[in-house]
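Every number in this text was worked out from the coordinates using simple rules, so none of it is lab data. Just so it is clear, the model here is predicted, and its values are computed rather than measured. In this analysis, Cβ positions are derived from the backbone assuming ideal geometry, glycine residues included, and neighbour counts consider all displayed protein chains.
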Amino acid sequence: RKEVEQDPGPFNVPEGATVAFNCTYSNSASQSFFWYRQDCRKEPKLLMSVYSSGNEDGRFTAQLNRASQYISLLIRDSKLSDSATYLCVVSQGNKLVFGAGTILRVKS
Amino acid sequence: GAVVSQHPSWVICKSGTSVKIECRSLDFQATTMFWYRQFPKQSLMLMATSNEGSKATYEQGVEKDKFLINHASLTLSTLTVTSAHPEDSSFYICSASKGMISNQPQHFGDGTRLSIL
């Protein structure tokens, strides 16, 4: 079983749509949680950290459920520029463990 | 602007060549840097943790004699892929943070795309 599992997608959505990604992690000792964005052939970039209380940054909302070991990302009012691969990432000790990513394609 | 610089961004070379990749933190000191490898449509896999002034810590399954890591200063770590073969072709990325990984964002280099013919 992978340490961090994500639906690979792709999610093909029209502009303006709301889309949600889910992620599960296997190690209950994971300490911190993040969503990164990776564009094709580029390095990952931090999108947002994820907290149990839930956090929002503009059109993006992230949620963590430690009991279920589940992380989510909600994107509202999708833009063409949101097209990318979204990586679910957890920290374990002094390491980051990456999911394989979920591909989002926003189309006009 | 970029806070971690990685060089070169693209390498194409013959089988058997050794390739050195540099990772520099530009405006902060990084006692720890990380080296990842990413194959197409797969997740970033941590190869090793590079520690300034000491030996790198390699992940299970990563050959330390194949992937030589040197972290000689607080701003520079190098990864050398020795005697590279086609199966070593991949996207190699380094990262560093200004503090603990759990509460400081990781800054990634632009990555190095290695193609071994």
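General observations
- Gyration tensor verdict on chain B (Cα atoms; rounded if a/c is under 1.5, prolate if a/b is larger than b/c, oblate otherwise): prolate
- Tensor-based shape of region A:1-58 (alpha-carbon gyration tensor, a/c under 1.5 rounded, otherwise prolate or oblate): prolate
- Point-charge dipole on Cβ atoms (K/R +1, D/E -1) for region B:27-88, about Cα centre, debye to 20: 80 debye
- Between B:21, B:71, A:108, the Cα set farthest toward the positive side of the dipole of the protein assembly as shown (charges on each charged residue's Cβ, about the Cα centre) is that of A:108.
- When cysteine pairs in the protein assembly as shown are screened for C-beta atoms closer than 4.7 angstrom, the residues that find no partner are A:40, B:13.
- Shielding by partners - mean other protein chain Cβ count within 10 Å, residues of B:41-48: 5
- Here's the picture: charge each Lys and Arg Cβ at +1 and each Asp and Glu Cβ at -1 in region B:25-117, and of B:83, B:42, B:117 the one pushed furthest to the positive end of that dipole is B:42.
- Shielding score for B:107-117, defined as the mean number of other chain Cβ atoms within 10 Å: 2
- Mean partner shielding of peptide A:28-38, defined as the number of other chain Cβ atoms within 10 Å of each residue Cβ, is 2.
- Rounded to the nearest 20 debye, the dipole magnitude of chain A is 180 debye, with +1 charges on Lys and Arg beta carbons, -1 on Asp and Glu beta carbons, and the Cα centre as origin.
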